[in-house]
Structure formats: C-alpha cells, structure tokens
Amino acid sequence: MPTRLQAPQASASQEQDRAAPGDPTDREQDWAAPRDSTGQEQDWTGQEQDWAASGDPTDRERGWAATMRSSTVGGVEVAHRDSRARVEPGPVLSRRDREELEAIGLRSGATRSSGAGRRAVEEAPDPNRTCFERDRDRILHTAAFRRLAGKTQVFVFPEDHQRTRLTHALEVAQVARSVARALRLNVALTEAIALGHDCGHGPGGHASEDALSPFLEGGFDHAVWGAEVTMAPLNLCAETLDGIRNHSWSRPAPATPEGEVVSWADRIAYVCHDFEDAVEAQVVRTDQLPDRVVEICGRSRRTQLAAFVNAMIDATEHTGLIGMAGEPAAALADFRAFNYKHIYLRPNSRRQASHVIDMLRALVDHLCARPDRLPALRLERAGDGEGIRRAAVEWVAGMTDRYAVRSARQWLDYDPARVPRGVDLDT
C-alpha cells in the first residue's frame, strides 16, 4: 500500500458572514422571519447588536438575515415555516442494511462493501455510509478535487462553456454511474473512482506529465501520482485507489469491474465532450467526423454518449465482459483518432504544450533553488536534497493553471510571450 502522507492543514481562519442591523420590512417579516412551534415570530432582540454596523443592509440582506433560524414543529426545526413534508417515523437504512441489500442486488462479480473497507490505516466503520460512499464523499470535499476547476481539460483558460478538468470528472462520473447502475455493479465505488481519477493531474493538461517526469525516478503519471500522493491523506479503500491508479488504458487493468467501467467512461466522456468544445471553439466542424462515427453514434454529444453507454451495457449483458462489441468500439477508436489528429496534436496545441512544459520545469527548478518558497509544512516534511525536489514537484503538480502562471510571473519575471495562452482560433 502507498505510504500515507500527513493530511493538509485547514485554512487558518474563515471570515464569518454577517448581516447589518436594521428592522426587516413587512414583506420580509411575512415570509422570512423565524417562528417558534406556536407560529409566533422569534424575537430579533440582541441579534441586531451581533450583526453590527457594516452599513445599511439591502432588502435582500435583511431577508437573508431574518432566516438565521427557522420554524420549530414538534421539537424539530424545519427549513420553512410552512413545511408540510412528512414520512413515516421508523428505522433508517443503516450501513449494515445496505451491505445486505448489496449481497442481494449486485451482480455476481461486482465489488461488495464491507465495514470500514480495506484501508492503509484501519478505521471504525461509519454507521450510515458504506466504505465506498465514504471514499466518494472524501474525494468530493477535498481541495485537490476543487482545484480541478482551475486545471486544463483541453484548452488552457477555457471559455465559459468549455470543460475544465473538474467538469470532465463530473461527466465521467455520470457516464460511469449510468453503466454501473444498469449492470448492477457497486455504484458508490464507481463514483469514487470516477470523481478521483484525475485528481493527480498537474496544470496545463497532459503536458504537465512531460514537464514533471524528468524530476522523478520513474516519471510522472497523473494516475499513479493521484492514487499514491494526491489521495494518500484521505486513506481511501484499496479498491478505490486501484481504480484511480489504473484508469488509464496504458496502465495495468483495474482489479474490479467498477474500475474497468471508469476506464471506458473516461474515454467515452472526453472523446465526446472534447469534440464538442472544439466545435464551439471553431477548431473542428461536425461535418468532419468520420463516416463510421456518424453512422454509429451521430453528430451530437447526446446521441454519441447514448450510443456508447448502451453499447457497453449490451456487451456486458451478453458476455459478462466490461467493454463494447466490435462496431461501436471501432467507432469510438475512430472518434478518438480524429480528436488526436485535429484537436490534441494540432500545431497550436503542440505549441501550447511546449509553453506549459517550459513554464512548469522553470517553476520546479526555481523551487529547488529557493525551497524557502515552499509552504512551511511541506518544506519541513521534505528534508534535504531529493526530498526538496519531490516537494517542489508535489506543489507545482497541485497548482491550478492560473496559480502556476501567476507564480512564474511573480517569481521568475516570466516572459508573457512564453505563458500558455489557451486556444488560438487561427488554426
């Protein structure tokens, strides 16, 4: 199992939201004022002093401040004073109950949840969530996952509607979940792998792997790095880490069918949505798609995703293997080859990748020469020599695109002409 790293520290402080004093309007009193179990409005006395003097509040701010507490019904606080939703009181579905349901409902060969799961550091099981649900939730709330919002999928500094590495992960999770649910596999494990599969990516897309590889023995692979470094503080289950580590087709096969599903879902999602983004950026046109792609799955993302997802479900239903039959699989391969030629390896993309590589290597070299610029905790953990270099790589790999560019400009007075610019429409 990978070595467990020390979890990152939480931010030092967090500014409290405050609302300024002032009496709510009649409209706000009517719909927003908290009420007790008898329907009487709760007293604002004393709260106005706590929400002290930050200027006259707007009506919206007063309305928001009026809902600091809600209504109480039968000793339970509810969200709305007119809340009517009710369910029958009774036992809840515990983790153990859901594990028993898995034994009944999952397909033979699917991965079963078991207690706290197989983790590098033993933990007590959660009373309500399965081990893979905990993994999914940990990934979703980690800073590494949030930072994917600022990392390149295809285009550096994407336009409003283009994908980031975060939206890619979400779309992979949707595709993988659709397949796993239909096949009666473990959906929570599938989601955890899908959400975490790209958390090891550096800034600037796959070019970051070329940039950072020379600094590490064995090179930098985002899948391996994600499982063994980025996700290490989360103490995830072995099955989740295996799926993250081996989601790329160039890696050994994942050990679970859920991991295999994510490997396919990753390819399906990026082939379809990278093409859609490239069409939006006027890099390619839909009428350029290969004939077999159009024949099998059409020209729109909706029909393409449906065709590939249904092909996976059909193949497993009839063979028990995680994959696709010949024709749809060939269409996916043709689609991917088209993207490589016309999107990923086009001259402007190659120039963009070259800029990313040069900038990230310059940042690592600088941090190796100036380790005092590393965060104190990371520097303390690094020690000397090789540890400093690995710490520099670890920090640069975690940067968002904009943070990397800003660091290069501030620390190195980096030439603006050599900074990655994103998509250039003059293809």
Pair list, Cβ under 9 Å, 6 or more apart: segment 378-406 residue within 21 Å of Met359 (Cα to Cα) and surrounded by fewer than 14 Cβ atoms within 10 Å (Cβ to Cβ), other residue aromatic (Phe, Trp, Tyr) and modelled with pLDDT of 90 or more: none
Whichever residue in segment 301-333 is in a loop (DSSP other than H, G, I, E, B) and not aliphatic (A, V, I, L, M) and, among such residues, is farthest from Val262 (Cα to Cα): Gly320
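Just checking, how many residues over segment 282-292 are assigned to a helix (DSSP H, G or I) and within 20 Å of Leu345 (Cα to Cα)?
Adding up the residues that qualify gives 3.
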Check on Val279, within 16 Å of Ser349 (Cα to Cα) and part of a helix (DSSP H, G or I): yes
Top-ranked residue in segment 244-265 [being over 21 Å from Thr319 (Cβ atoms) and surrounded by 24 or more Cβ atoms within 10 Å (Cβ to Cβ); ranked as nearest to the chain's Cα centre (by Cα)]: Ile244
Single residue of segment 111-150 satisfying the filter (in a loop (DSSP other than H, G, I, E, B) and small (Gly, Ala, Ser)) that is surrounded by the fewest Cβ atoms within 10 Å (Cβ to Cβ): Ala124
Pairs with Cβ under 7 Å, 6+ apart, first in segment 131-157 and over 30 Å from Ser354 (Cβ atoms) and modelled with pLDDT of 95 or more, second crowded, with 24+ Cβ neighbours inside 10 Å and acidic (Asp, Glu): Arg136/Glu191
Selected residue [out of contact with any Pro (no Cβ under 8 Å at 6 or more places or on another chain) and more than 21 Å from Arg361 (Cβ to Cβ)] from Gly196, Gly200, Gly219: Gly196
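Do you know which of the residues in segment 332-377 that are among the hydroxyl-bearing types (Ser, Thr, Tyr) and closer than 30 Å to Asp291 by Cβ is modelled with the highest pLDDT?
Residues of segment 332-377 among the hydroxyl-bearing types (Ser, Thr, Tyr): 340, 344, 349, 354.
Next, from what is left, pick out any that are closer than 30 Å to Asp291 by Cβ: 340, 344, 349.
Numbers: Tyr340: 93, Tyr344: 90, Ser349: 88.
Across segment 332-377, the extreme among qualifying residues is Tyr340.
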Scan of segment 203-240 for residues that are of a type outside the set (A, V, I, L, M) and in a loop (DSSP other than H, G, I, E, B), ordered by number: Pro203, Gly204, Gly205, His206, Glu217, Gly218, Gly219, Phe220, Asp221, Asn235, Cys237
Any hit, segment 221-241, residues being within 22 Å of Arg177 (Cβ to Cβ), among the charged types (D, E, K, R) and either surrounded by 21 or more Cβ atoms within 10 Å (Cβ to Cβ) or touching an Asp or Glu at 6+ places or on another chain (Cβ under 7 Å) (or both): yes
Helices (runs of 4 or more DSSP H) enclosed by segment 338-427 - at least 1 residues per element that are under 17 Å from Thr152 (Cβ atoms): 347-369, 386-398, 401-412
Qualifying position, being touching a Pro at 6+ places or on another chain (Cβ under 9 Å) and within 18 Å of Trp411 (Cα to Cα), among Ala391, Ala376, Ala353: Ala391
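The values are calculated or read from the model by the stated rules, or taken from the named source; none is laboratory data. None of these values were measured; they are calculated from a predicted model. When we count neighbours, we look across all protein chains shown, and the Cβ atoms used for this are built from the backbone with ideal geometry, even at glycine.
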